[in-house]
Each structure stands twice: as structure tokens, then as C-alpha cells.
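Asks: Okay, here's the structure, questions in a sec.
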Amino acid sequence: MSLTSSMSRLSVRQRLTLAVALLASLVLVAVGATLYVLESGRIDRQIADDLARQTSQFRSLQAKDPVTSKPITSADLLLRTFLERNLPDQNEQFYGFPATGSPIVQGKTDTLLQESADFRVLVNDLKTSGGTRTLHLGRHEYRVAVQPISEGTATSAFVVTHDVGASRHDLRELMFTYALLAALSVILIAGLASWIAGRLLSPVRRLRDTARAISDDDLSRRLEVTGHDDLSDLQRTFNAMLDRLESASVTQRQLLDDAGHELRTPLTVLRGQLEVLDPQDPEDVLATRTLLLDEIDRMSRLVGDLLTLAKARRPDFVEPQPTEVETLTHGLLDRARALDDRSWLLDGVARGNWLLDGQRITQAVLQLADNAVRHTSRGDEIGIGSRHHQGMLEFWVRDTGSGVDPAIRVDMFERFARADHTDQGFGLGLSIVRAIAEAHGGEVVLDDNDSDSGATFRLRIPSEVRW
């Protein structure tokens, strides 16, 4: 089984705990290794300094005896005098190798070193030139410094040895203690990491439980958000997703309800006309055909409007792009002139680039213009314009028609709201305009003028989208 598949079987909490424990272990190992290297280097430097100091003191005694204030010329006397007056440091030994005879030893007896032939060979190698070498005897390591003494043709040697392994014994004990404390620390850190991970992941568990409890018929459940961290943002995002799902579900049900409600009448008309149709009467067939095509056109328009409203809650309903407002305004007037014979006027033009969906704005303004045409007569005045006002970009359509009845002002932007029973539309036009405005973060409003002096509708887009 691969490591990846093994890790995938663990929970997020377990993986976080394992990752923290592994990271802590790596850090502690790195700290321990660094400590060992630095301390070993310090011990090596201290040993080298001690060996250099002992040989320097030996040379000083050779040059001048502090008791007699004269140099000592006899090698044997020099070795005996130094060994009698000086004691080696811990883990050190002094050796005097005379030209003839057995060596003299000062310090704690080290049988392994004294009985080693390699040790004697090393001393003989350095007896002429002097210097310092490392000697390995089994698992033991020694540093050996040799100071030669020449007396005529005979050569003696002063030797200082240091047991490196013994000097590092305390370091090994320290590292063993450090390893135990590090292991306990990793266990403690893993426990704390597991507890903290459990606390941090509790919002995720609540999110999971909420997701499991949600059904198609109940999308009203929400998570309670109290924090301000990334997981709280995740919960807010999840709640926002539920809002969109609930909105989409409501929109879907509303679309089905609206379609079923509004299509029932034209379908009934179609069925009734087909039931009374006389296939043998050409005139009846032609009249029925004209009526059916008209009803089909009305149903197609209704379906198109309903689909537009259904898309209004989707994030891609509008696709804002930098748009030159002046060019867009002139284009709105040019398109509106084709609706019907009215006195079309350009009231004003705003300048600058704004981030908006020009096609949707055109759709909304032309819908308002179409409403103005249906509530005015030939020769009446209809004005279209745009301006910057109070930090907003406004597009408006005004007319000198019959105005809006105050009784329907409150509900006129709702679906299927009609100005009166003579209105041949479906009552979806202003709903579409409002959906486009809200998709841009704005609104559509009706000016508070007298109902018999025409109407002015304004599409207002906030300044946050300005470039």
C-alpha cells in the first residue's frame, strides 16, 4: 500500500496531527544535530588549546627554569622536572619518552594506551618533527601531541595525550537526555495539535452535519457563524451557497408556477379553437390559423420573458465590461426610434467609461421605452438620457403620456403586474428591468410626479463599478 493511499485513509485531524508531530520531530532533530555539531567543535577546539598550552609550558620550562632562572639542557632532567611540577587536566596524560629506558607517565593510568604498539609507533614518527595526531584504538579516540627534545645525537620526547571519547561522554549524556525530552515534547505537541485541530475543524464538522441534514424540500438550514477566521469565511461562503441554492429552487418553482399559470389560458384558447374548427370551411381554417399563430407568438414571448427572469439570479446574468456611456446613450435613442412614431428626444448624455453590461442595459431601457410607447399616443414626447448624479450613473426614460396610477406604484415591479385591464402585456417587463438593475447592484425607480403628467423611470447604477 502506497504512502499516499495510506494517508488518504486518515482523517484531516489525524493528518494534521501527524504533520505537526513530524514537523516538530524534524525541528527537534535539526536542533539536536546542530547542538551536537557545535558542542563537538567546541570540545575539539578546547582539546587542541589544552594540548597547545601544555606543550607551550614545556618549551617555556626548557628555555628557563623559574626556580634557577636557567635553561634546562638535560632531556631527562627536563622531563622529570615538568612531570613533577605539573598535573594533567581531566582525561589527559603526560608521558616522558627518554632517549633510552622506559617512558615516564603522569596522570590516570590508561592501560589501553600504554600497551598499544600503535601509540609507540605514532610517538616515534613525531619524535623528530613534533606535532599532533589523532589515534584510534578500537572505539576509543585520542589526540596525541609530541614535543621533541634533542640532546646531542639523542632525541627524547614530551607527549601529551587526551582521551577525546571521555571528554565527549558528558555530551553524549546530554544528547541522550535531550532525545528523551524531545520524544516527550513530540508526544505533548501531537496531543495539543490533535486537540487544537479538533477545535479548529469543529466548524467543518458542523458544515458536514448541516450538509447531510439538508434536503431538496428544506434548504432553510444555515450555519451559525461567530468567528472571523478562514473557517468562519468558509461557513459564510457555505451559507451564501445555500442562499443561492434556495434562491435557485425558489426561482425554479416560481418559473414552473408562472409558466403553468400563464400558459394555461393560451393553451385553452388553442384547444377551444381547434375543437370548433370546421376543416371544410377555408375561411374558418384561415381565421383559426391566424389566431393560433398569434397565440403561439404570445406564448413564445411569455416563455422568453420567464426565462430571462429565471436567469436573473445567476452570476453570469450580466457580464460587465468597460463601456463608454455617451456612445451607449446615443445607441439607446437610435434603437428606441424604431419602436413607434413618437417625438423622441435626447435629454442628456453622461460621459466616461463605466463597468456594466451594455446589452442588458439596452434591454432594460428599451423595455421602459416600449412601456412609454404603449402609454402614449402618436406625437407625444418621449425623452431618453443619462447623467452622473450623487455618485450614481442614471439612465432614464420619460414620457408625456397618461402617467402611472398611484394605486399600482407599490406593486408595479412585481411579476404579472399590469397597469390596467386593457394592458396587452404579461406584466413581466418592469420585473425584467428591476432584475437587470439589481444584477448591476443598482435599482429602478419611478419619479414622484403627478400621475397625469407622464412618467419618468430611472435605472440607477452605483459608482463602485466606475472606471
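The values are calculated or read from the model by the stated rules, or taken from the named source; none is laboratory data. Please read these numbers as outputs of a predicted model, since none were measured by experiment. So basically every Cβ, Gly included, is an ideal-geometry build from the backbone, and we count neighbours across all protein chains shown.
Asks: Keeping to the range 106-132, report how many residues are surrounded by 14 or more Cβ atoms within 10 Å (Cβ to Cβ) and among the aliphatic types (A, V, I, L, M).
Replies: 4
Asks: Please work out which residue is farthest from the chain's Cα centre (by Cα), limiting yourself to the range 62-88 and to residues that are in contact (Cβ under 8 Å) with a residue 60 or more places away in the chain and closer than 27 Å to Gln46 by Cβ.
Replies: Leu78
Asks: Does Val349 satisfy the condition of being aliphatic (A, V, I, L, M) and over 21 Å from Glu438 (Cα atoms)?
Replies: yes
Asks: Pick out the one residue from Val397, Val444, Val373 that is part of a helix (DSSP H, G or I), modelled with pLDDT of 85 or more, under 24 Å from Ala338 (Cβ atoms) and β-branched (Val, Ile, Thr).
Replies: Of Val397, Val444, Val373, the one residue that is part of a helix (DSSP H, G or I), modelled with pLDDT of 85 or more, under 24 Å from Ala338 (Cβ atoms) and β-branched (Val, Ile, Thr) is Val373.
Residue-by-condition table, conditions (1) in contact (Cβ under 8 Å) with a residue 60 or more places away in the chain; (2) under 13 Å from Ile43 (Cα atoms):
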site	(1), (2)
Ser156	yes, no
His169	no, yes
Arg172	no, yes
Phe176	no, no
Ala179	yes, no
Ala183	no, no
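Asks: Report, ordered by the first and then the second residue, all pairs with beta carbons closer than 7 Å, sequence separation of six or more or different chains, a first member in the range 327-343 that is at negative phi and in a loop (DSSP other than H, G, I, E, B), and a second member that is of a type outside the set (Ser, Thr, Tyr) and exposed (fewer than 13 other Cβ atoms within 10 Å of the Cβ).
Replies: From the range 327-343, the pairs are Asp341/Arg378.
Asks: Right, next: What number of residues within the range 381-391 are modelled with pLDDT under 90 and not polar (S, T, N, Q)?
Replies: 2
Asks: Output the number of residues of the range 87-101 satisfying the condition of being more than 10 Å from His162 (Cβ to Cβ) and assigned to a loop (DSSP other than H, G, I, E, B).
Replies: So the answer is 5.
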